[in-house]
Amino acid sequence: MKKPIFFAFQVRTLTLAVLAFLSVFTTSCGTEDENAPAQPKTIADYIVESNDFTILEAAIRQAGQLDAFKNPNLTFFAPNDAAFQASGITDATALANLPQEQLTAILQYHVLKAAVASSDFPMENNKPVQTSLTLNNQPMVLYITNGSAGLFVNGSKVVMPDIQVANGVIHVIDHLLSPPPPTTGGGTLVGVVAADTSLSLLGTAALRVAAENPALAGVLTGTDAYTAFAPTNSAFRALNLSTPDTINKIPVSTLATLLANHVVPGRLYSNDLKTGELAAFSTGKLLLQADSTVITVKSSGIASPAIVTRGNLTATNGVVHKIDKVLL
């Protein structure tokens, strides 16, 4: 009579053990599911979920481009909040007055239609690479430098490369990129100046000279690459040249010599500007001082150098650096 009782006890014990095992197994699986990594994120997901890209997210949403950053096979040079702030956009509210079309163009200029790792960019200086932006039916390009100092895009440094996402790769950059403007001059040096209200006095001078001086007009609106150091309105006002009328009273030949002193051959972004001399289009010499934080440029006619206050404004035929003094 004891054997069946003992046998029943064994069965009941075994059953409890199995149930306990199943309970532990089920709980374990549930924990693993909860801790399992999420599905791969797109560029859009990564930007939205990161605390470092709040201004960029606001720009993408304001432009209505969030879904565009879910498209496949993209490279995105992503400016973080610090990059926007370094470019003068302190927070998302500063975007409020920018038209949707302008924001869209800026964003498209940061995108390549292929997923490219940092190591796949050739070891070259200012290699043109086509972006997803077109201007006047022409594809706009970025200028990428890959070398011992790092990876640069239009002079902006890639501070965090190769963030792999489901639809491509993100390279974080330290400044916002500025595409050539779709304005007078078709994105040339003249167009960049004309699009910037803080350079309106220089624009007056440039348009007047371009109409009278074919050689300099070819520099400002042609296809060969030049770099222009552009004095702001405040720089002209410091010389009592505070209105277009005062600019127009200067003889054209004098204006042409003055402007030629601000232009040097070649496309030179901030990472290309090294301490030393540069030959100006006027045949004069400019003395450059460059370190990691400040770039200054001096001509023979000024006692102290001009400071580059905003660099790397891209034109179809060169690059513009805004300066706080006129180079006499």
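The values are calculated or read from the model by the stated rules, or taken from the named source; none is laboratory data. Computed from a predicted model, the values in this text were never measured in an experiment. Methodologically, a virtual Cβ is constructed for each residue, glycine included, from the backbone with ideal geometry; neighbour enumeration extends over all protein chains shown. Protein only, heavy atoms only, side chains kept; ligands, DNA and RNA dropped before computing areas. Shrake-Rupley method; radii C 1.70, N 1.55, O 1.52, S 1.80 Å.
Numbers for the structure displayed
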{"quantity": "Protection proxy ranking of 275-287, 209-221 - average other beta-carbon atoms within 10 Å, highest first", "calculated": "209-221, 275-287"}
{"quantity": "Degrees, to the nearest 10: 2-35 long Cα axis against longest axis of the chain", "calculated": "10"}
{"quantity": "Virtual paramagnetic centre 7 Å along Cα→Cβ of Leu328, amide N under 12 Å, in segment 241-270", "calculated": "241"}
{"quantity": "Percent RCO, i.e. relative contact order, over the chain, from Cα pairs under 8 Å lying at least 6 residues apart", "calculated": "13"}
{"quantity": "Per-residue HN-Hα couplings for segment 255-268 [Karplus 6.51, -1.76, 1.60; θ = phi - 60°; Hz; x = Gly/Pro]", "calculated": "4, 4, 5, 5, 5, 4, 6, 9, 10, 10, x, x, 8, 10"}
{"quantity": "Fluctuation leader among Gly64, Gly155, Gly318 - the chain, Gaussian network, Cα springs under 10 angstrom", "calculated": "Gly64"}
{"quantity": "For the chain, share of DSSP beta bridges that run antiparallel, in % to the nearest 5", "calculated": "75"}
{"quantity": "Residue-normalised accessible area of the chain, expressed per residue, 1.4 Å probe, Å²", "calculated": "51"}
{"quantity": "Separation in nanometres of the label points that stand 7 Å from Cα toward Cβ, at Thr283 and Ser119", "calculated": "5.2"}
{"quantity": "Positive minus negative residues near Ser234 (Lys, Arg vs Asp, Glu; Cβ under 10 Å)", "calculated": "+1"}
{"quantity": "Percent carbon-and-sulfur accessible area, segment 106-207, ignoring ligands, DNA and RNA, probe 1.4 Å", "calculated": "54"}
{"quantity": "Shape category assigned to the chain from the gyration tensor of Cα positions, a/c cut at 1.5", "calculated": "prolate"}
{"quantity": "On Cα atoms only, tilt of 200-212 relative to the major axis of the chain in degrees", "calculated": "50"}
{"quantity": "For His175, distant residues with modelled amide H under 5 Å away", "calculated": "Lys157"}
{"quantity": "Over segment 225-321, equivalent-ellipsoid semi-axes from the Cα gyration tensor in Å", "calculated": "22, 15, 14"}
{"quantity": "Extension gain from Ala86 to Val252, taking 0.36 nm per residue of separation minus the Cα-Cα distance", "calculated": "56.1 nm"}
{"quantity": "Taking segment 43-193 and dividing mean pair separation by its residue count, relative contact order in percent (alpha carbons under 8 Å, at least six apart)", "calculated": "25"}
{"quantity": "Most fluctuating residue given options Thr188, Thr93, Thr293, as computed from a GNM of the chain linking Cα atoms under 10 Å", "calculated": "Thr293"}
{"quantity": "222 nm mean residue ellipticity, helices alone, for the chain (DSSP H n ≥ 4; -39,500 (n - 2.57); rounded to 500)", "calculated": "-10000 deg cm²/dmol"}
{"quantity": "Lysines whose Cα lies under 22 Å from that of Lys322, excluding same-chain neighbours fewer than 8 positions away", "calculated": "Lys157, Lys274, Lys285, Lys298"}
{"quantity": "Highest-fluctuation residue, Pro128, Pro181, Pro79 considered, GNM on the chain with Cα pairs under 10 Å", "calculated": "Pro128"}
{"quantity": "Tilt relative to the chain, helix 54-63 - C-alpha long axis, 0 to 90 degrees, to 10", "calculated": "80"}
